[in-house]
Amino acid sequence: MRNKGSLLACGYTRYQPTAVTPDGITDLYQKAVRDADGRKRYFIDVQKWAGWVHPYTEEKIEPSYEFEAYFEDKKTSKPLRIQLYSGWDIDEAEKYIEIFFNLGLWKEYDTGE
């Protein structure tokens with residue numbers, strides 16, 4: 001994973017954790033992904049974890065980044081969350097989230113269509 005400066009350079013906004021943020025998260029980032037007309041399609045949230053321990057290998061990964069995106073089904077409005085755990089590069093994470101969004105099953109944020 002590229003450093004946090006790269007997240008900022010890729011259009012993410014940095015936020016400080018709040019009182020309800022889980023322990024271990026040191027930084028929060030968010031990016032609105034827009035269409036060619038500037039309308040928001042969806043958001044990607046990134047959490048930076050300190051002291052994350054891999055559940056199978058018990059290897060401590062420092063720091064660790066998680067990418068998340070939330071979508072709503074076009075027909076039912078049921079929510080779905082896609083989460084990519086540590087090890088993903090920014091470009092890779094964005095690419096896979098975009099592929100998933102482009103299946104055409106999910107509402108766009110600004111238009112609701």
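Just so it is clear, none of the values below were taken in a lab; they were calculated from the coordinates. It should be emphasised that the depicted structure is a prediction, and the values quoted were computed from it without experimental measurement. Ideal geometry is used to build each Cβ from the backbone, glycine not excepted, and the neighbour counts take in all protein chains shown.
Just a few scattered comments:
- Summary value for the range 4-101: 16 percent relative contact order, contacts being C-alpha pairs under 8 angstrom separated by 6+ residues.
- Net dipole in debye of the chain [+1 Lys, Arg Cβ; -1 Asp, Glu Cβ; about Cα centre; nearest 20]: 300 debye
- Computed helical MRE - 222 nm, the chain, DSSP H runs ≥ 4 contributing -39500 (n - 2.57), nearest 500: -4500 deg cm²/dmol
- Once the Cα atoms are used to define both axes, helix 90-101 deviates from the longest principal axis of the chain by about 40 degrees.
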